[in-house]
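> Could you have a look at this structure, given as structure tokens, before my questions?
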Amino acid sequence: HEEVAQDLAALKWQLDALRRGAREAELQAQLAGLEQLAAQTLAQVRELSYDLYPAVLEHADLHGAMRSAARACEQEFGLPVEVTQRRPSPALARDVLLVLYRFVEEALRGAVRRGGASRATVSVDGTAQDLELAVTDDGTGDVAAAIASGGDLGLLAARERLARYGGPLSATSHRPRGSTLLARIPRAAACHDARSVG
């Protein structure tokens, strides 16, 4: 995607140079339209590359990735998110780190949209066998019911992604407020073909 972005940026620059040097108004208008199309396509490629694998994950460990997801939610929704980690986490495979990052994104967005949460906590923990990630909020939404009914497509997608690595997604709704989403992935699957991070 970097090469495509560079080619589009070069195309946009060349179109701009041609437009500035063109003498006929009709030709200038056509080149301006092409330049705008190149700029839009470049923006779409950059957005797509971020969606596929956010740049912040390139050099992040699990705790750093969760902090990035929390900051993004705070900026988008104004939701204060605390990130805690009880034990150091192992280096994870790139695809597993992305799955966990997307899970936290969906969990935090849902906490705001579904339950109007005013604060949340992301907890990283694990045992010798499993890696655990819990997202707890103080909202009023029934997350367990939302998953059971298929009403939250984001969390259903997160559950499917986790299942590819043998990891279950469980939900607990507390009364009168609050819910907890717990993702668990076996360490053997999480660390398979892992690269060094940090």
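> Are there any strands (runs of 3 or more DSSP E) wholly within the stretch 97-198 with 2 or more residues that are within 17 Å of the chain's Cα centre (by Cα) and closer than 21 Å to R86 by Cα, and if so which?
Numbers: elements: 120-126, 130-137, 169-173, 179-186.
In the stretch 97-198, the matching strands (runs of 3 or more DSSP E) lie at 120-126, 130-137, 179-186.
> Test of understanding: among D130, D152, which residue is acidic (D, E), under 22 Å from H63 (Cα atoms) and touching a helix residue (DSSP H, G or I) at 6+ places or on another chain (Cβ under 8 Å)? If you could, list the steps in order and put the result at the bottom.
Values: D152 fails: under 22 Å from H63 (Cα atoms).
Going through D130, D152 in turn, the sole match is D130.
Residues are listed down the side, and each one gets a yes or a no for (1) farther than 17 Å from A158 by Cα; (2) surrounded by fewer than 20 Cβ atoms within 10 Å (Cβ to Cβ):
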| residue | (1), (2) |
| --- | --- |
| M66 | no, no |
| R71 | yes, yes |
| E76 | yes, yes |
| E82 | yes, yes |
| P88 | yes, yes |
| L98 | no, yes |
| E106 | no, no |
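> Note down all Cβ pairs under 8 Å where the first residue falls in the stretch 134-161 and is touching a residue at least 12 places away in the same chain (Cβ under 8 Å), the second is of a type in the set (S, T, Y) and open to solvent by less than 20 Å² (accessible area, probe 1.4 Å), and they're at least six residues apart or on different chains.
Pairs found: T136/S179; D137/S179; G139/S179; G141/S179; D142/S179; V143/S179; A144/S179.
The values are calculated or read from the model by the stated rules, or taken from the named source; none is laboratory data. Keep in mind that this is a model prediction, so the values were computed, not measured. Note: ideal-geometry Cβ built from the backbone for every residue, glycine included; neighbour counts use all protein chains shown. Side chains are part of the model used for accessible areas, which takes the heavy atoms of the whole protein and leaves out ligands, DNA and RNA. Shrake-Rupley method; radii C 1.70, N 1.55, O 1.52, S 1.80 Å.
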